[in-house]
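Student: One structure follows; several queries about it will come next.
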Amino acid sequence: MSKKLGGKENMYFLSTRGNNEKITASQAIIKGLSTDKGLYVPSSFKNLSEELKNLVDLDYKQLAYVILKEFLTDYSEEELKYCIESAYDEKFDTEKIAPISKVGDDYILELYHGPTCAFKDMALTIMPYLLKTAIEKNNLQEEVVILTATSGDTGKAALEGFSDVDKIKIVVFFPENGVSAIQKLQMKTTKGLNTCVVGINGNFDDAQTGVKNIFADEDFNKELKEKGYILSSANSINMGRLLPQVVYYFYAYLQLVKENEISLGDKVNFVVPTGNFGNILAGYFAKQMGLPVNKFVCASNDNNVLYDFFTTGVYNKNRELKLTTSPSMDILISSNLERLLFEISGRDAEKVNELINNLNTKGVYEIDQNMKDNLSSFYGGYATEEVVKDTIKEVFDKYGYLLDTHTAVAYSCYEKYVEDTKDLTKTVIVSTASPYKFSKDVLNSISSVDDSLDDFEIIDKLSDVSNTKIPGPIKTLKDLEIRHNITCEKDELKSEIIKFLGK
Ligand SMILES: *Cc1c(COP(=O)(O)O)cnc(C)c1O
């Protein structure tokens, strides 16, 4: 029998909608979404504040083990270490995995050193191993089909992570006109016979809603089961995505302690460029585990639903989705917010059901005063397109540091936050993508882009103008073969899946 981890025999996962399901971590990772369409949450959070002092000198992998073992209690030490070692290896271009750069008086946590140059790699390099292990542990007979809607970065990171993993297939849907040229090329060149990439004629919410409906479609799931398949998700609603992200919040904090930038116990702020609310929620989980955090600045682009939510308590998705230069944040329904609603309501599943019902039927809900009071560690901000552009230029001119468009949203929200609050707490700005993933808009901010330049010429020019190096995975992209060229309408997702599985 394998040794239980963390001494927490009673750790289990439950649904935010309260159907009394109690499942293990590995089962939650296989299922993705609960049968009642709720999201899984851990039954409790282990408080690590007394242990922080012992963690300062751990490297990323060692720290990942310390954090993850508190949640993945049905994985053996050997299994979990295998997953961690397989994920955080030389796929990353730095041994630190998530290094920090000091820019002016602030810290930038760089989560873009993985194989696809965006923060999704932090979780999607490990999740395939967590899932593969889960399949084996649970003696699953069916093959798992990972179904993913992406606003750009998840898709490639998931494809890369799952490519050629045994007993798993992956289907990715992306908005055909809602991702950057480089993001699209990254996905379309994916290798692996178990991978399928489909562009949807619609926006990200169409893709996400389509995928969610498929998960809830009992007949379709039955049909798949008869064919020997079960569906799972690699979206940030999956625990296998969320939990690995908790690690870098601890790692960032401990790096600052180690470098004597802060003292153990000092509070810090985190500024997070936010879309589906997965990244920032992992930070909130870290705080629940005793990480000393003062504020989370939730940074949005022109799609400022979350800004409105944090300033008024009203979540209103009834508005036009705007396509911006930070496409991974072009989202009107931030799925992971449901997990925060669960926590700030004192884990009141009835309340969550009521709010989500309102969202589904009217497109809007309002939280009560008690819930609002529990949001005090959040501050909402947003940045317009013009501000994003100016911020990239300002930071580059001042510090020679090149921000991508998403990180620029965060940076400018932080400037606004300081102006508003005069808060001098040390602050970590979470950087979610390499500027080279969004070369055209980044170049346009610090210089000019000639219309005649193709995407790769733009990348070269960005490197010249900024005097920075092109990351390996982007440099080699132009030599890769296009392997996927399917598009479909937003009501054709199911038939595309069947076509692929029938092959
Ligand atoms: C996915 C993504 C985000 C948004 O993260 P969420 O977890 O969805 O809030 C921000 N920036 C980049 C570059 C991303 O890929």
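Student: Give the accessible surface of segment 1-146 per residue, rounded to a whole number of Å², with probe radius 1.4 Å and ligands, DNA and RNA excluded.
Tutor: Values: 5900 Å² over 146 residues.
I get 40 Å² per residue for this part.
Student: Restricting the count to DSSP beta bridges whose residues both fall in the chain, what percent are antiparallel, rounded to a multiple of 5?
Tutor: Taking every DSSP beta bridge within the chain, about 25 percent pair in antiparallel fashion.
Student: Using a Cα distance threshold of under 16 Å, what count of lysine pairs results for segment 433-501 when pairs must be 8 or more residues apart or interchain?
Tutor: Summing the qualifying lysine pairs gives 12.
Student: A further question on this structure: Where the only charges are on Cβ atoms (+1 Lys, Arg; -1 Asp, Glu), what is the dipole of the chain about its Cα centre, to the nearest 20 debye?
Tutor: In debye, rounded to 20, the chain gives about 980.
Student: Same structure again: Evaluate the charge dipole of segment 124-228 about its Cα centre and quote only its size in Debye, nearest 20, assuming +1 on the Cβ of each Lys and Arg and -1 on the Cβ of each Asp and Glu. Don't skip to the end; give the middle numbers.
Tutor: Numbers: 12 positive and 15 negative charges, 67 e Å.
With Lys and Arg at +1 and Asp and Glu at -1, about 320 debye.
Student: Near K137, within a Cβ-to-Cβ distance under 11 Å, what is the net charge of the other residues, with Lys and Arg +1 and Asp and Glu -1?
Tutor: So the surrounding residues net to -2.
Student: As an exercise, use a Förster radius of 30 Å and the Cβ-Cβ distance of L323 and K362 to find the FRET efficiency, rounded to the nearest 0.05.
Tutor: 0.75
Student: Hey, what did the chain get for relative contact order, percent, Cα under 8 Å, at least 6 apart?
Tutor: Reported as a whole number, the value is 18 percent.
Student: Then there is this: With labels modelled as points extended 7 Å from the Cα through the Cβ direction, what inter-label distance (nm, one decimal) is found for K167 paired with V314?
Tutor: 5.0 nm
Student: Pairs of Cα atoms under 8 Å, at least six residues apart: use those to get the relative contact order of segment 99-251, whole percent. Could you put the intermediate results ahead of the total?
Tutor: Details: 231 pairs, mean separation 39.7, N = 153.
26 percent.
Student: With unit charges on the beta carbon (Lys/Arg positive, Asp/Glu negative), name the residue among V364, L443, L424 whose Cα is farthest towards the positive pole of the charge dipole of segment 360-465.
Tutor: Most positive-ward Cα: L424.
Student: Restricting to DSSP loop positions (anything but H, G, I, E, B) with no more than 14 other Cβ atoms inside 10 Å of their own Cβ, which GluC sites (Glu not before Pro) remain in segment 17-93?
Tutor: Answer by residue number: E50, E51, E90.
Student: Relative contact order (percent) for segment 219-289, with alpha-carbon contacts under 8 angstrom and 6 or more residues of separation?
Tutor: 36 percent
Student: If you take the charge dipole of segment 58-126 about its Cα centre, with +1 on Lys and Arg Cβ and -1 on Asp and Glu Cβ, which of I97, Y75, I108 is farthest toward its positive end?
Tutor: Farthest towards the positive end: I108.
The values are calculated or read from the model by the stated rules, or taken from the named source; none is laboratory data. Just so you know, these numbers come straight off a predicted model, no measurement behind them. As a convention, Cβ positions derive from the backbone with ideal geometry for all residues, glycine included, and neighbour counts pool all protein chains shown. Note: areas computed on protein heavy atoms with side chains; ligands, DNA, RNA excluded. Shrake-Rupley method; radii C 1.70, N 1.55, O 1.52, S 1.80 Å.
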